[in-house]
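Below is one structure, written out as structure tokens; the observations come after it.
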């Protein structure tokens, strides 16, 4: 199956009360782990690509080519989208030019008038090309790949203004953060989420910072219109932990003097990501929804 935009899969999720996971990728192993797990579970999946990750993988064109080739070689038949995560205006244009079927423009740190102006332009461009676009209101807390936010609560009226521009999906800050949630975290603001849903009844909502949110909160958020949940930190943590354990056990060394096999070194992290993705797909309810 070729790469698709997020619109069809998230419209279906929104209508049927489940969410599709966006799992950010950073290299071939992460991408393969996510794709094979989604296929095994018959679940649609979104491959998130930050601007930093795209740069690390040598550019947006490389990401598109790698993902498309892996889908073909692995015989992936479930719907797969690659989606620019927290894109700047300039980054969004570059991703569109490279062939991304879906983008996110994060204008949440801009004055609302400027956010609306830039989102309007990108919505028109995406609609003309048949692409999906995610917009954001209220910066998500924490830091992800150089993108910082203090966790402001999104204004439901501003959400309505951005949604009215024709965006495919809308990310709104409701107390969620990127990275590790601190011990004094107050949890998601479901009153704010419900207020946003009332003002934006027909647009699927996005929950960023999916790592560390209690399962019951995830399920409640889905019941209030969240159809896409982003997961990145958890994959980073389990990949690093599995790799570190392998190295500390000395298994990366070839005692015959041949060095080490990088494929074996990265295998534990690959398996750890698969297990993490499987757990999240089950939680989000997207298994057997392809």
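Tabulated data for the structure shown
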{"read-out": "Positions within segment 171-199 being closer than 21 Å to residue 10 by Cα and buried (at least 23 other Cβ atoms within 10 Å of the Cβ), in sequence order", "value": "171, 172, 173, 174, 176, 193, 196"}
{"read-out": "Every residue from segment 122-135 that is out of contact with any strand residue (DSSP E or B) (no Cβ under 9 Å at 6 or more places or on another chain) and part of a helix (DSSP H, G or I)", "value": "124, 128, 129"}
{"read-out": "Subset of segment 238-267 that is assigned to a loop (DSSP other than H, G, I, E, B) and more than 22 Å from residue 33 (Cα to Cα) - its residue that is modelled with the highest pLDDT", "value": "249"}
{"read-out": "Single unsatisfied condition, residue 3 versus (1) at pLDDT 95 or above; (2) outside any helix (DSSP H, G or I)", "value": "(1)"}
{"read-out": "Output for segment 12-27, where each listed residue is in contact (Cβ under 8 Å) with a residue 40 or more places away in the chain and surrounded by fewer than 16 Cβ atoms within 10 Å (Cβ to Cβ)", "value": "16, 17"}
{"read-out": "Residue under evaluation residue 269, criteria (1) closer than 24 Å to residue 134 by Cβ; (2) in contact (Cβ under 8 Å) with a residue 40 or more places away in the chain; (3) touching a helix residue (DSSP H, G or I) at 6+ places or on another chain (Cβ under 6 Å), criterion not met", "value": "(1)"}
{"read-out": "Every residue from segment 16-32 that is farther than 18 Å from residue 3 by Cβ and in contact with a strand residue (DSSP E or B) (Cβ under 7 Å, 6 or more places away or on another chain)", "value": "19"}
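The values are calculated or read from the model by the stated rules, or taken from the named source; none is laboratory data. What you see is a predicted model, and the numbers here were worked out from it, not measured in a lab. Note that each Cβ is placed from the backbone with ideal geometry, even for glycine, and that neighbours are counted across all protein chains shown.
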